[in-house]
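What follows is a set of notes on a single structure, which appears directly below.
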Amino acid sequence: MSTRDVVQELLRRMGEGDARRIAELYADDADWKLDWPEAEHGRAATPWIRHRVTRADAEAHYREIAEHHVPEAVDTVVERVLVDGEHAVVLGEIRQTARTTGRAYRSRFALHLTVEGGLVTRHHVYEDSLAVAQAFDEG
């Protein structure tokens, strides 16, 4: 499968929400980073926000993010998928509602993926972390 094919399939599976099926598209060992302040990683309100390494970590990420959001209030708008060899960048906006606070938020994002051998080996997310943090702030 080409890089574009893998990315399109990843986005399709993300839309379906089955964490196990999504994780099948990740390599056993992947470079997974989130552009958040390190001190904020793994907080109780946002446990999915942390670096990952394994396919099992990827599955846990998608399961955790689903557990902390209202499923009926989830929408992702993909505006563009740019591909250059094994690299792809997905640009768009996430629209979600925090389960614990009921607050809706929108977060612009850029997702840099690298695909090797038909599997995702890099997953770097750049998003509006302030919007997410404010949605989950119970203070």
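The values are calculated or read from the model by the stated rules, or taken from the named source; none is laboratory data. The structure presented is a predicted model; accordingly, all values stated were derived computationally and were not measured. Every residue, glycine as well, gets a Cβ built from its backbone with ideal geometry; the counts of neighbours run over all protein chains shown. The accessibility values were calculated without ligands, DNA or RNA, using every heavy atom of the protein model including side chains. Shrake-Rupley method; radii C 1.70, N 1.55, O 1.52, S 1.80 Å.
Some points to look at:
- Under 5 Å, built H, 5+ apart or other chain: amide partners of H69: R99
- Potential lengthening of the chain between H41 and H112 amounts to 23.6 nm, from the contour at 0.36 nm per residue minus the alpha-carbon distance.
- Sorting the segments 72-84, 20-32 by their mean number of nearby beta carbons within 10 angstrom, highest to lowest, gives 20-32, 72-84.
- Once backbone amide H atoms are built at 1.01 Å from N, W32 has R52, H123 as its partners under 5 Å, excluding neighbours fewer than 5 places away on the same chain.
- Dipole magnitude for the chain: about 240 debye, using +1 per Lys or Arg Cβ and -1 per Asp or Glu Cβ, origin at the Cα centre.
- Residues M1, M14, ordered by accessible area of protein heavy atoms at a 1.4 angstrom probe radius and largest first, appear as M1, M14.
- I49 long-range amide H proximity, modeled H, under 5 Å: G42
- Formal net charge of residues neighbouring D137 (Cβ-Cβ distance under 11 Å; K, R +1; D, E -1): +1
- Proximal charge balance of R108 [Cβ under 9 Å; K/R count +1, D/E count -1]: -2
- Antiparallel bridge percentage (DSSP; both residues within the chain; nearest 5): 85 percent
- Electrostatic bookkeeping for W32 treats Lys and Arg as +1 and Asp and Glu as -1; over the other residues with beta carbon under 11 Å from its beta carbon, the sum is +2.
- Cα extents of the chain along the three principal axes, largest first (Å): 46, 27, 25
- Applying the Karplus relation 6.51 cos²θ - 1.76 cosθ + 1.60 with θ = phi - 60° to segment 28-40 yields 3J(HN,Hα) values of 4, 10, 10, 8, 10, 9, 10, 7, 10, x, 3, 5, 8 Hz, where x marks Gly and Pro.
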